[in-house]
1. What residue, of 117, 52, is buried (at least 17 other Cβ atoms within 10 Å of the Cβ), within 26 Å of residue 135 (Cβ to Cβ) and without any contact (Cβ under 8 Å) to a residue 40 or more places away in the chain?
2. Scan the stretch 11-27 for residues that are of a type in the set (A, V, I, L, M, F, W, C) and either closer than 9 Å to residue 79 by Cβ or surrounded by fewer than 19 Cβ atoms within 10 Å (Cβ to Cβ) (or both) and jot them down.
3. Could you say which residue among 143, 135, 211, 155 is among the aliphatic types (A, V, I, L, M), under 30 Å from residue 87 (Cβ atoms) and not assigned by TED's automatic domain parsing to the domain that holds residue 30?
4. Output the number of the condition that residue 45 fails; it satisfies all remaining conditions of (1) in a loop (DSSP other than H, G, I, E, B); (2) in contact with an Asp or Glu (Cβ under 7 Å, 6 or more places away or on another chain).
5. Would you mind stating whether residue 30 is outside the structural domain of residue 188 (by TED's automatic domain parsing) and under 22 Å from the mean Cα position of the chain (by Cα)?
6. Name the strands (runs of 3 or more DSSP E) wholly inside the stretch 54-169 in which the number of residues that are closer than 24 Å to residue 28 by Cβ, within 22 Å of the chain's Cα centre (by Cα) and not basic (Lys, Arg) is 2 or more.
7. Can you pull out every residue in the stretch 191-201 that is surrounded by fewer than 20 Cβ atoms within 10 Å (Cβ to Cβ) and either of a type in the set (A, V, I, L, M, F, W, C) or in contact with a helix residue (DSSP H, G or I) (Cβ under 6 Å, 6 or more places away or on another chain) (or both)?
8. Looking at the stretch 178-215 only, could you name the residues that are more than 29 Å from the chain's Cα centre (by Cα) and among the basic types (Lys, Arg)?
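The values are calculated or read from the model by the stated rules, or taken from the named source; none is laboratory data. Fair warning: this is a prediction, and the values are worked out from it, not measured in the lab. Heads up, the Cβs are rebuilt from the backbone with ideal geometry, glycines too, and the neighbour counts pull from every protein chain shown.
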Amino acid sequence: MKYYPVFLKVEDRLCVVVGGGAVAERKVLRLLQCGARVMVVSPHLTPGLEDLCQKKKIEVVREAYHPSHLKGAFLIIGATDDIETNEQIFRDSLKENVLVNIVDDPQKCNFILPSLLERGDLSIAISTAGKSPALARKIRQDLSHLLGPEYAILLKILGNLRKRYREVEPDGIRRMRTYERLLSSNLLEAIRHQQWDKVQAIIREHTGLHLEIEEERG
């Protein structure tokens, strides 16, 4: 099976997680980080999920799964250890055209969750099409040694620069070539060594702009 890679915007969307264990908690936390409205369906919860419930970060339905829990859902994640329940979640989701992921069972998913490496707003998703999550994790770990926190700062700088440079250079092709030259320079190395005056000088050399980088530095 060949998957179509995509990043979903789940902000303010209802996402349902069936299950109240440690795996469910991890899925819930990721959804909350992305701004989703999360409903957990489970009679029992981990202490972490109980805490989120008490803080009103999530909605909790303390009962066994029922097809009615799909109402209004954008996506659903089945994180139970019950094969029959997972099968029911999958079938119901297909009927209602809801995105569904059954944890550790790629045959019962119409989307799968990649192994994710994050550096600020930079996200690198690694997928093995469900064949080997262990390999995906290994690749993520290898990449984490290559891509340090300087990439998060670089992305912030480039995002800020992009807004301002459009105002002084209307030609899209020229802007693209400038960004390519900038990224081929020693800008990243200067960020890595926290040489902020040098960072500003490199940006000024390539764009003619003076960019304050206090916010990007954190």
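1. 117
2. Once the filter is applied, which keeps residues that are of a type in the set (A, V, I, L, M, F, W, C) and either closer than 9 Å to residue 79 by Cβ or surrounded by fewer than 19 Cβ atoms within 10 Å (Cβ to Cβ) (or both), the stretch 11-27 yields 14, 17, 18, 22, 23, 24.
3. It is 135.
4. Status for residue 45: all satisfied but (2).
5. When the stated conditions are applied, residue 30 passes them.
6. 75-78, 99-102, 115-119, 122-126
7. 192, 196, 198, 201
8. Passing the criteria: 198, 204.
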